[in-house]
1. Where a ≥ b ≥ c are the square roots of the eigenvalues of the C-alpha gyration tensor, would you call the range 61-166 rounded, which needs a/c under 1.5, or, failing that, prolate if a/b is larger than b/c, or oblate?
2. Would you mind checking the pairs LYS218/LYS245; LYS23/LYS212; LYS37/LYS203; LYS118/LYS203; LYS27/LYS72; LYS37/LYS197 and listing those with alpha carbons more than 24 angstrom apart?
3. How much length is gained if the chain between ALA58 and THR204 is pulled fully straight, taking 0.36 nm per residue apart and subtracting their Cα-Cα distance, in nm to one decimal?
4. Could you give each residue of the range 155-161 its phi-based ³J(HN,Hα) in whole Hz, using Karplus coefficients 6.51, -1.76, 1.60 with θ = phi - 60°, and x for Gly or Pro?
5. In the full protein assembly as shown, how much of ILE53 is accessible to a 1.4 Å probe, in Å² to the nearest 10?
6. Using the crude model of +1 on Lys and Arg Cβ and -1 on Asp and Glu Cβ, and no other charge, please compute the dipole size for the chain relative to its Cα centre, in debye to 20.
7. Using a 1.4 angstrom probe with every protein chain in place, what is the largest-first accessible-area order of PHE133, PHE25?
8. Counting only Cα atoms, I'd like the Rg/Rh figure for the chain, Kirkwood definition for Rh.
Amino acid sequence: MAGHSQFKNIMHRKGAQDAKRSKIFAKLAREVTVAAKIGGMDPAMNARLRLAILNARAENMPKDNIDRAIKKAAGADTENFDEVRYEGYGPGGTAVIVEALTDNRNRTASVVRSVFTKAGGALGETGSVGFMFDRLGEISYPLTAGSNDAVLEAAIEAGADDVESDEEGHFIYCAFESMGEVTKALEASLGAAASIKSVWKPKTTSPLDEEKAMSLMKMVDLLEDDDDVQNVYTNMEVSDEVAAKLAG
């Protein structure tokens, strides 16, 4: 079982330090609204909405905010958001995937392309780097959920494919299509998960020196600062020393 991804750890620590709560809440609310509009406003009948609510709660988003986001889906004047995925290469040839929810594809594409270009990267066609990642379900638990061995055993019994544990917690991976079943099975042995989401997990990594890694992280920061961008994934690999500097 490999160590948890450096990129996730770096972004987790940076996120805790930056504390961009209002922007995080806005993005979570958008996902809740889109999920409710697509699949209905009843979480019991809408798996995507259940996940969106769970992840909003994991970020301590107030219940009133979540309720407003759900009710917004029923409004006639609600914007129509499209799910868009952008793929390309960042500094040092790293593969980058950007997921967005946008009500203006041209605006979002222009912003994403500009960020890639300024960072010395290049935006490619959809699928240009997607083959370098696996689309998986990621179910996370805090360290208090159990020992590494206990969580690994529970994950295997639940039908998961992999577990990565580190100082940030336990991260259980499964096929995207079986995320619901695995989550339900894990709840029986480990309790409710801290978060449940789909992710793009790199199959291979791209080693970067400190300069290139700094450039990539600046690029990721700019992308995540855009209101339309929901998630950014990369196959960056750096030394522990560089990772510590980036997280700091």
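1. On the way: a/c = 2.59, a/b = 1.22, b/c = 2.11.
In terms of gyration-tensor shape, oblate.
2. Working: LYS218/LYS245 13 Å; LYS23/LYS212 27 Å; LYS37/LYS203 33 Å; LYS118/LYS203 27 Å; LYS27/LYS72 14 Å; LYS37/LYS197 19 Å.
Flagged as over cut-off: LYS23/LYS212; LYS37/LYS203; LYS118/LYS203.
3. On the way: separation 146, 0.36 × 146 = 52.56 nm, distance 2.93 nm.
Here the segment from ALA58 to THR204 would lengthen by 49.6 nm.
4. Values, residue by residue: 5, 4, 5, 7, x, 6, 9 Hz.
5. Its heavy atoms expose roughly 10 Å² to the probe.
6. Values: 29 positive and 40 negative charges, 184 e Å.
I would put it at about 880 debye.
7. On the way: PHE133 10, PHE25 40 Å².
My answer, sorted largest first, is PHE25, PHE133.
8. Details: Rg = 18.1 Å, Rh = 18.9 Å.
Answer for the chain: 0.95.
The values are calculated or read from the model by the stated rules, or taken from the named source; none is laboratory data. It should be emphasised that the depicted structure is a prediction, and the values quoted were computed from it without experimental measurement. Cβ atoms come from the backbone with ideal geometry, glycine included; neighbour counts cover every protein chain shown. Note: areas computed on protein heavy atoms with side chains; ligands, DNA, RNA excluded. Shrake-Rupley method; radii C 1.70, N 1.55, O 1.52, S 1.80 Å.
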